[in-house]
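Worksheet: one structure, shown below.
The values are calculated or read from the model by the stated rules, or taken from the named source; none is laboratory data. Model, not experiment: these values are computed from the prediction. Cβ atoms come from the backbone with ideal geometry, glycine included; neighbour counts cover every protein chain shown. The protein model used for the area step is the full one, side chains on, heavy atoms only, and it has no ligands, DNA or RNA in it. Shrake-Rupley method; radii C 1.70, N 1.55, O 1.52, S 1.80 Å.
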Amino acid sequence: MALPRTISNPYVGDTVTFLETTAETGGSHVTVLVELAPGGRNGLHYHTTFTEHFEVVEGELGLRAGKEFLFLSRGGTASVPSHMQHLFFNPSKKHPVVFKVTVKPARQFETCLRVAYGLAMDGKVNKKGIPKKLGHLAVLLELGESYLTFLPHKLQVWLYSFLAKRAKRNGAAKELELYYKQQETPEGVSA
């Protein structure tokens, strides 16, 4: 069974469609189309191994990049280099915003999204979208290579690695494969 092109997160209120997958680009990048609900947002964070490029398709996107706040409308673009603290949000209380995000290089970004949204769809996260199982959270943090702004970077790297290794030994990582590995369908059985 092929992986779905579109995934949703009922806790965040957004839908993500993969326009270019990691496999299709040979890992050079991944491009997604995001529809973010009115008032939707993510938390302040940063990445050390990839950049993000945003392009608004419809509506208005709020973007904090470093200390600067940008409000981008249709056709507006912005890039966030690695190591820059950022977040995005929908400033509208009535209308969704639709935008493209290209992550270069792709790294494990696609896998991270598929795991996070799969856990959310299966009700295995809390109201804030955080996995209920520590092992699942550990693997997700390591895959996402996303870091919080209020903890020292080296501490987060060590902690994520330690917890992810423990989760792998305990089988938590294996449990998540159903969200990102294509399942083979026996001959004669439709998926």
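Values as computed for the structure displayed
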quantity	calculated
Per-region count, the range 1-52, residues of a type in the set (Lys, Arg) and over 23 Å from Tyr147 (Cβ atoms)	1
Failed condition for Val98, given (1) farther than 18 Å from Leu19 by Cα; (2) touching a residue at least 60 places away in the same chain (Cβ under 8 Å)	(1)
Selected residue (criterion: modelled with the lowest pLDDT) from residues of the range 1-56 that are in contact with an Asp or Glu (Cβ under 9 Å, 6 or more places away or on another chain) and of a type in the set (D, E, K, R)	Asp14
The range 18-71, residues that are among the polar types (S, T, N, Q), open to solvent by 20 Å² or more (accessible area, probe 1.4 Å) and over 23 Å from Lys127 (Cα atoms)	Thr22, Thr25, Ser28, Thr48, Thr49, Thr51
Cross-chain or 6+ apart pairs with Cβ under 6 Å, the range 156-183 first and over 13 Å from Leu119 (Cα atoms) and at pLDDT below 90, then among the acidic types (Asp, Glu) and open to solvent by 30 Å² or more (accessible area, probe 1.4 Å)	Tyr160/Glu142; Ala164/Glu142
Matching option when the condition is in contact (Cβ under 8 Å) with a residue 12 or more places away in the chain and more than 17 Å from Leu141 (Cβ to Cβ), among Gly43, Gly27	Gly27
Subset tally (residues that are closer than 14 Å to Gln85 by Cβ and part of a strand (DSSP E or B)) for the range 40-67	8
